[in-house]
Amino acid sequence: MTPGEHAPDPRGARSPAEFLARLRELKDWSGLTCRELSARAEARGDVLSRSTVANMLSRTTLPREELLTAFVRACGAGPAAPERWRSVRRELAGRRGDGAETPETATDTDPETGTAPETAREELPTLEDSPEASPEASPEGRPEAGPEDSPEDAPAAPHVWPVAPVDEPPDPGPGPGPGFRIRRLLVPLVAVAALLFAGVSVVAFLRDGHTGHPPRTPTAPAAGDVHIRVAGTDLCLGERRGTRTGQVHQVPCAAADVPLYALVERDGGRWRIASDHPDHGAGCSGIPSGGRVPDAPYEDSACGDPTRIEEFTLEPYGLPVRGYRIVPAGSATPGRCVTVVGDRTAAWSRLAQAPCAPDAAGQLFDFDRRN
């Protein structure tokens, strides 16, 4: 590496692509690997992970200013270099339609792992299971409507048909015998009983978390693209578009297209749940902090973070099988299952790890094939 005045100069770059090409030249000029640049930035008090460097250099859109500054400083291009690079970036970013990223929308993808950097997601607050917690409220504070709650009361019994009193005087002359009058009484009673039984069955079906369709045979996990559906419902796993937390919710399956999921088989009967987000790129579902927090959120983030649990066992439950539990492999708090918390009948209820329940309520999933 030669002194700073010989480092590649960003001036003259006429597009984000040319700007990124000069950044790659700067890295080559520094002679440092992504890991070495990350270590050097950390020593200076900057935040610059290895995957973030790789992400930035593999894209065609402008990096965020704070990321650019940390990278140029780590390359050792001289004290005046960061402002020179920032100035050119601002000029390119001011030209609409050039693909410049803003701090609110900038994300990266690691070409080595196909993931977003660790900084692309925000830390999620501690999970609240209380009824006051509002899973419908977006992280920005804007409420988002979910489906209406299932009816809780049985339908009213129909009006009972009036019947003739049994002690009325018999009609003169020939007429129906006593057996006819008994049958006449039994018909409305049987009809009322049948309607009441049907009403109770419907309410019980809805209270068990069903949405009106008959029970379906759960789909066993298999490698490939899937919709992950909460067993016995028409709710599937997904994220809220436009946020960066990675928090996974249950949403109507018809709208569960962000992100797209796929099962990846690993060694020892374990599975990785890969995610493909239109804004954040490829990633993995997981539990942060090694599962040490008992109610840690179930979230999508960058793959390869050693502090996250990113492998699961998918365990069948019931005879016949009613669904599959998603069990974090090697959680620091064992005996946990991925669970729908809060109102389990409502869209946008969050998922987190919670103790595996004997009845598996809110903990059973199907893996429907996705075309």
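The values are calculated or read from the model by the stated rules, or taken from the named source; none is laboratory data. Given the structure is predicted, the values throughout are model-derived calculations rather than measurements. Counting neighbours? That spans all protein chains shown, and the Cβs are built from the backbone with ideal geometry, glycine included.
Structure data summary
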read-out	value
Residue under evaluation SER58, criteria (1) surrounded by 20 or more Cβ atoms within 10 Å (Cβ to Cβ); (2) touching a strand residue (DSSP E or B) at 6+ places or on another chain (Cβ under 9 Å), criterion not met	(1)
From VAL47, VAL72, residue being surrounded by 21 or more Cβ atoms within 10 Å (Cβ to Cβ) and not assigned by TED's automatic domain parsing to the domain that holds GLY281	VAL72
Lone unmet requirement of (1) more than 21 Å from the chain's Cα centre (by Cα); (2) at pLDDT below 75 for GLY209	(1)
Among the candidates LEU92, LEU20, LEU26, LEU62, residue that is closer than 25 Å to GLY281 by Cβ, of a type outside the set (Ser, Thr, Tyr), touching a residue at least 40 places away in the same chain (Cβ under 8 Å) and in contact with a Gly (Cβ under 8 Å, 6 or more places away or on another chain)	LEU62
Boolean, PRO297 is touching a helix residue (DSSP H, G or I) at 6+ places or on another chain (Cβ under 8 Å), modelled with pLDDT of 95 or more and farther than 16 Å from ALA256 by Cα	no
Elements of type helices (runs of 4 or more DSSP H) contained in region 31-95, each with 3 or more residues being closer than 28 Å to SER301 by Cβ and among the hydroxyl-bearing types (Ser, Thr, Tyr)	50-58
Selection count, region 1-27, where residues are at pLDDT 90 or above and either part of a helix (DSSP H, G or I) or farther than 24 Å from GLU91 by Cα (or both)	12
Unmet requirement for ALA255, which otherwise passes all of (1) modelled with pLDDT under 90; (2) more than 25 Å from PRO218 (Cα to Cα); (3) of a type outside the set (S, T, N, Q)	(2)
Conditions (1) closer than 21 Å to ARG266 by Cα; (2) surrounded by fewer than 19 Cβ atoms within 10 Å (Cβ to Cβ): number failed by ASP295	(1)
Residue tally, condition assigned to a strand (DSSP E or B) and over 23 Å from SER331 (Cα atoms), over region 230-255	4
Selected residue (only one of ARG369, ARG272 is surrounded by fewer than 20 Cβ atoms within 10 Å (Cβ to Cβ) and touching a Leu at 6+ places or on another chain (Cβ under 8 Å))	ARG272
Cβ-Cβ under 6 Å pairs, at least 6 apart or on other chains, region 345-362 side under 17 Å from ALA329 (Cα atoms), far side buried (at least 18 other Cβ atoms within 10 Å of the Cβ) and polar (S, T, N, Q)	ALA354/THR339
Residues within region 351-366 that are buried (at least 18 other Cβ atoms within 10 Å of the Cβ) and hydrophobic (A, V, I, L, M, F, W, C), tallied	6
Boolean, ASP279 is in contact (Cβ under 8 Å) with a residue 24 or more places away in the chain, part of a loop (DSSP other than H, G, I, E, B) and more than 22 Å from GLU265 (Cβ to Cβ)	yes
Of all residues in region 237-265 being closer than 16 Å to ASP368 by Cβ and without any contact (Cβ under 8 Å) to a residue 24 or more places away in the chain, the one that is surrounded by the fewest Cβ atoms within 10 Å (Cβ to Cβ)	ALA254
Residue within region 256-269 that is under 19 Å from THR245 (Cβ atoms), under 15 Å from the mean Cα position of the chain (by Cα) and assigned to a strand (DSSP E or B) present	yes
Flag if ASP110 is charged (D, E, K, R), modelled with pLDDT under 85 and on the phi < 0 side of the Ramachandran plot	yes
